[in-house]
Amino acid sequence: MANKTTANDASPDEFIAATSNPQKRKDALWLKDFCQRLTGEPARMWGPSMIGCGSYHYKYESGREGDMFLAGFSPRKAALVVYLGGNIPDQAELLEKLGPHKMGKACLYIKRLEEIDLGVLKKLMQKSIAGTLAEYPANQST
């Protein structure tokens, strides 16, 4: 079974431009540029609503496999969602320093970038990328 979220040729800039909330649009543009700087790869749309940079190939013991972005986010209506993968050993400590947020299994929900510590966000995302690449070293397809 393959991942249904795949890279496509839709324009991240057009997707962001269609975001109705001006603050969320501004934050999304910043996150897009930030992800590009972190990975050294251009932003691409993944599925209809996620923007990601870089990629890796994963294969689980269950047989499920696919490709996913190394750094990505989605400007959802309720919050910006930053996707964190990989093993981040000090994630709880970093999240305590981040500022207002909610955390799911791999989804970090942020209302506004101005409310959080961007240095902490950078550390979280760098560690997410490093953890992912450590877990899937031979399967990078950036």
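Here the gap between Glu114 and Arg64, fully extended at 0.36 nm per residue and compared with their Cα-Cα distance, gives a gain of 14.2 nm.
Taking the average, over residues, of other Cβ atoms within 10 Å as the packing measure, peptides 102-111, 45-54 rank 45-54, 102-111 from highest down.
With the highest mean first, a sort of the peptides 23-30, 61-68 on other beta-carbon atoms found within 10 angstrom per residue produces 23-30, 61-68. Using θ = phi - 60° in the Karplus curve 6.51 cos²θ - 1.76 cosθ + 1.60, the 3J(HN,Hα) couplings for the range 94-110 round to 5, 4, 4, 8, 5, x, x, 6, 10, 10, x, 4, 9, 10, 9, 9, 10 Hz; x is entered for Gly and Pro.
Can you tell me the dipole magnitude for the chain around its Cα centre, using point charges on the Cβ only (Lys, Arg +1; Asp, Glu -1), in Debye to the nearest 20?
Rounded to the nearest 20 debye, it is 380 debye.
Relative to the Cα centre, the charge distribution of the range 82-142, modelled as +1 at Lys and Arg Cβ and -1 at Asp and Glu Cβ, gives a dipole magnitude of about 140 debye. Pairs of lysine residues in the range 67-142 that meet both criteria, 8 or more places apart or on different chains and Cα atoms under 14 Å apart, total 4. Other residues lying with their Cβ under 12 Å from the Cβ of Ile129 contribute a combined charge of +2, Lys and Arg counting +1, Asp and Glu -1.
P(r) for the range 17-100, from all Cα pairs and a bin width of 5 Å, is 3, 13, 20, 22, 20, 14, 7, 2, 0 %, short bins first.
Where only DSSP H runs of four or more residues are counted, the chain gives -11000 deg cm²/dmol as its mean residue ellipticity at 222 nm, each run worth -39500 (n - 2.57). When Rg and the Kirkwood radius Rh are both evaluated on Cα atoms of the chain, their ratio Rg/Rh stands at 0.95. The residues packed around His101, meaning those with a beta-carbon under 9 Å from its beta-carbon, carry a net charge of +1 if Lys and Arg are +1 and Asp and Glu are -1. Please report the antiparallel percentage of DSSP beta bridges with both residues in the chain, rounded to the nearest 5. For the chain, the DSSP antiparallel bridge percentage is about 95.
Each reported figure results from applying straightforward, stated rules to the coordinates on display, with no laboratory input. Keep in mind that what you see is a predicted model, and the values were worked out from it rather than measured. All Cβ positions, glycine included, derive from the backbone under ideal geometry; neighbour counts span all protein chains shown.
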